[in-house]
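J.: I'd like to ask you about the structure that follows.
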Amino acid sequence: MDVISIGEAMVLFTPETSGPMRYARDYTSRIAGAEINTLIGLAKLGHETGWISRVGMDEFGAMLKNAVRGEGVDVSEVAADDEAPTGIFFKENVYGDHVRVHYYRKHSAASFLNPESINEAYLSKGKVLYITGITPALSDSCSKAVFQAIEIAKKHKLTIVFDPNIRYKLWTEEKARNTILQIAGHSDIVFPGTSEGEFLFGTSHPEEIADALHELGPDTIVVKKGEEGAYYSCLSKKEQGHVGGFRVKQVIDPVGAGDGFAAGVVSGLLDGFALKESVTRGCAIGAMVTMVNGDIEGLPDRKTLELFLSSKSDVSR
C-alpha cells in the first residue's frame, strides 16, 4: 500500500443553478472529502491507496463506499455505523467562481472515529500516512484517532504527510492552532497555505512560514500560494525554491484544488521525482481540478496529466 489516510467523506449536493441556494430546486449529488479526494487522485495516477473511516449504515454510506471503491481506493477499513448518519454538505455557487459551502456533519458516523478505529496491521503496510487538520477538528475521539495513527506510523517508519487544511468553524482558534502545530511537529512533510501561515505564525511570507515549521521538526515544507504556485523547502537535501502556477482560462470550481495539489506532490515523490518536479505536478493537478465542477471529477490519470503538462493552448505559466 502506497498511501493510507484517515478522515470523513460526505455526499455533496450542488444546485443546478447559480445564485442563492434558497432559490434552488434541482441538485446533483457527488462524493467529496479532503482525504478521499487526495486518495482518489493518487489512485488515478496508479498508486495503491487505502481509506480508514466510518460511514452511516444508510444509502449515502453505501454510495460513498461504492464510489470510493470504484475509483480504486481500498475501503476494507471503512466501518458502517447503524446509529449515526453519513454526513452531507452543499456547495452554493453564489456567482462566478464564488462558492459557499454548507456542512451538515455534526454527530455524523465519521465523527465517532476513535483510536480503536486504527488497525495497526493495516496501517503498517503503508509507505505514507496522509492526514489533514480536518479530522482532529471533528471530535475529541477523532483527534485521538489521528494521534494514534501518527504513533503507529512512526513505529513502522511511514512517511507522515500533513495538510493543515484548517476548518475554522469546527473548533476554537486556540485549539486549532495548538493541535495543528502539534501534528506538524510529528510530520515529515507539511503542506500549509499562506493564509494558514498567517493564522499559525502571523506571516503570509512563504519563506517565513517554512522556516517556522522547520523549527518544529518537519524536513520538507511546501507552501501553497494558490494560482501563483508554491514555495518548497527541504532541509535534508538543502533545496528550496518557487514553482510557478498554471493559470487556466476559466475557474469553474476552486474547491478541492488543494487536495489535488497534495495528490500531485505525493505522487511525484513516490515516483522518485525531485521535490521541484513533484511540486510542479501538484500545481498542475491543482489547476486541472479548478476547471471541472466537483471535487474529484477533474483529477487526472497519467495520460491526461501528461497531455495537460505538454499543452500550450489551454495553459499559460
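The values are calculated or read from the model by the stated rules, or taken from the named source; none is laboratory data. Keep in mind that what you see is a predicted model, and the values were worked out from it rather than measured. When we count neighbours, we look across all protein chains shown, and the Cβ atoms used for this are built from the backbone with ideal geometry, even at glycine.
J.: Filter segment 46-66 for residues that are hydrophobic (A, V, I, L, M, F, W, C) and surrounded by fewer than 24 Cβ atoms within 10 Å (Cβ to Cβ); which is nearest to Phe13 (Cα to Cα)?
T.: Step one: filter segment 46-66 for residues hydrophobic (A, V, I, L, M, F, W, C), giving 51-52, 55, 57, 60, 62-64.
Remaining after also requiring surrounded by fewer than 24 Cβ atoms within 10 Å (Cβ to Cβ): 57, 60, 62-63.
Numbers: Met57: 19, Phe60: 12, Ala62: 16, Met63: 13 Å.
Ranking the candidates gives Phe60 first.
J.: Next question, about the same structure. Between a residue in segment 4-23 that is assigned to a loop (DSSP other than H, G, I, E, B) and surrounded by fewer than 21 Cβ atoms within 10 Å (Cβ to Cβ) and any residue that is modelled with pLDDT of 90 or more and not hydroxyl-bearing (Ser, Thr, Tyr), which pairs come within a Cβ distance under 7 Å, given they are 6 or more apart or on different chains?
T.: Glu16/Asp26; Thr17/Ala24
J.: Among the candidates Glu208, Glu196, single out the residue that is part of a helix (DSSP H, G or I) and either touching a residue at least 24 places away in the same chain (Cβ under 8 Å) or buried (at least 19 other Cβ atoms within 10 Å of the Cβ) (or both).
T.: Just one listed residue meets the conditions, Glu196.
J.: Here is a further query. Collect the residues in segment 1-47 that are more than 12 Å from the chain's Cα centre (by Cα), of a type in the set (Asp, Glu) and under 25 Å from Pro136 (Cβ atoms), keeping them in residue-number order.
T.: Result: Asp2, single match.
J.: So Leu181 fits all but one of (1) within 24 Å of Ala145 (Cβ to Cβ); (2) crowded, with 18+ Cβ neighbours inside 10 Å; what number is the exception?
T.: Failing condition for Leu181: (2).
J.: Next question. Go through segment 168-178 and report how many residues are closer than 14 Å to Glu198 by Cα and surrounded by 15 or more Cβ atoms within 10 Å (Cβ to Cβ).
T.: Count: 2.
J.: Only one of these is over 24 Å from Glu297 (Cα atoms) and either touching a residue at least 40 places away in the same chain (Cβ under 8 Å) or not acidic (Asp, Glu) (or both): Leu138, Leu129. Name it.
T.: On the way: Leu129 fails: over 24 Å from Glu297 (Cα atoms).
Residue meeting the stated conditions: Leu138.
J.: Further, regarding this structure: Of all residues in segment 98-119, how many are of a type in the set (D, E, K, R) and surrounded by 13 or more Cβ atoms within 10 Å (Cβ to Cβ)?
T.: 1
J.: State whether the residues of segment 267-290 include one that is among the hydrophobic types (A, V, I, L, M, F, W, C), buried (at least 16 other Cβ atoms within 10 Å of the Cβ) and touching a Ser or Thr at 6+ places or on another chain (Cβ under 6 Å).
T.: Yes: segment 267-290 contains one or more residues that are among the hydrophobic types (A, V, I, L, M, F, W, C), buried (at least 16 other Cβ atoms within 10 Å of the Cβ) and touching a Ser or Thr at 6+ places or on another chain (Cβ under 6 Å).
J.: Right, another one. It is to be established whether one or more residues within segment 226-235 are modelled with pLDDT under 95, over 29 Å from Ser139 (Cβ atoms) and among the acidic types (Asp, Glu).
T.: Looking through segment 226-235, at least one residue is modelled with pLDDT under 95, over 29 Å from Ser139 (Cβ atoms) and among the acidic types (Asp, Glu).
Listed here are the residues, each with its yes/no results for (1) modelled with pLDDT under 90; (2) in a loop (DSSP other than H, G, I, E, B).
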{"residue": "Ile252", "(1), (2)": "yes, yes"}
{"residue": "Asp259", "(1), (2)": "no, no"}
{"residue": "Gly272", "(1), (2)": "no, yes"}
{"residue": "Thr280", "(1), (2)": "no, no"}
{"residue": "Cys283", "(1), (2)": "no, no"}
{"residue": "Met288", "(1), (2)": "no, no"}
{"residue": "Gly294", "(1), (2)": "yes, yes"}
{"residue": "Leu305", "(1), (2)": "no, no"}
{"residue": "Ser313", "(1), (2)": "yes, yes"}
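J.: Among the residues of segment 143-166, count how many are out of contact with any Pro (no Cβ under 6 Å at 6 or more places or on another chain) and surrounded by 16 or more Cβ atoms within 10 Å (Cβ to Cβ).
T.: 13
J.: Could you go through segment 72-91 and let me know if any residue there is surrounded by fewer than 18 Cβ atoms within 10 Å (Cβ to Cβ) and out of contact with any strand residue (DSSP E or B) (no Cβ under 9 Å at 6 or more places or on another chain).
T.: no
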